[in-house]
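Notes for the one structure printed next.
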Amino acid sequence: GLAGVPDVHGALRDQLLEPARLAVDSLFQVRLVRDVAGAGLAALGLGVLFITHDLDLAAAVCDRVHVMYAGRIVEQASAAQLFAEPHHPYTAGLLASTPDIDGLHERLVPVPGSPLGLLDSPSGCAFADRCAFVDPGRCRDAPPPLIEDGLGRRVACVRSDEVSVELAALGGGHGGAA
């Protein structure tokens, strides 16, 4: 085992193993998480819920990714689908604002606007004020439902079909993903 890292089975049974708390580099984090996830969990019928802000790490170790904004899931898909072709504007914004290992993004683009405050609770889509694709008539009335596309992806955006086409035309994927 690793010095200072608890027994894998004990960590899974008794505590949350957080790579960020271990202060290790990204490559080591990928290996550590893969080792933990591959520690016979499938044979036991168990899985790993991996919560992170590190998108490249999520792409490297996760089969499926759920993107959340303001406490709600806005997109869920296989890691390959999500990183190659985001369908929610927030997912696309996260990917465009994240440096990738391959250096394919020449310039990082920040997500516009400011996140909601903890007490803010808009009546419509929580991302509407920051969204370049907002349709005031449809986006501000009620929170969008998480809708299945038939290919294993679920998106909470009333314009997801239109948005995915526009994002694809702009090159809205992430080169460093799985």
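If packing is taken as the average number of other Cβ atoms within 10 Å across a peptide's residues, how do 80-92, 113-125, 144-156 rank, most packed first?
Ranked by mean Cβ neighbours within 10 Å, highest first: 80-92, 144-156, 113-125.
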Interchain or long-range residues, amide H under 5 Å from residue 125's placed H: 140, 141, 142
Measuring from label point to label point, each 7 Å out along Cα→Cβ, what is the residue 135 to residue 51 span in nm? 3.4
Estimated FRET transfer efficiency when R0 is 22 angstrom, pair residue 169-residue 68 (beta carbons, to 0.05): 0.25
Quick query: amide H of residue 74 versus all other amide H atoms, modeled in the peptide plane; which residues come in under 5 Å with a sequence gap of 5 or more or a different chain? 67, 68, 69
Around residue 87, with a cut-off of 9 angstrom between Cβ atoms, what is the net charge of the other residues, counting Lys and Arg +1 and Asp and Glu -1? -3
Residue by residue through segment 61-69, the couplings from Karplus 6.51 cos²θ - 1.76 cosθ + 1.60 with θ = phi - 60°, in Hz, x for Gly and Pro, are 10, 9, 7, 10, 10, 10, 9, 10, 9
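Every read-out reported here was derived from the displayed coordinates using simple, explicitly stated rules and does not represent laboratory data. The model shown is predicted, which means the values in this text are computed figures rather than measured ones. Backbone-built Cβ (ideal geometry, glycine too); neighbour counts: all protein chains shown.
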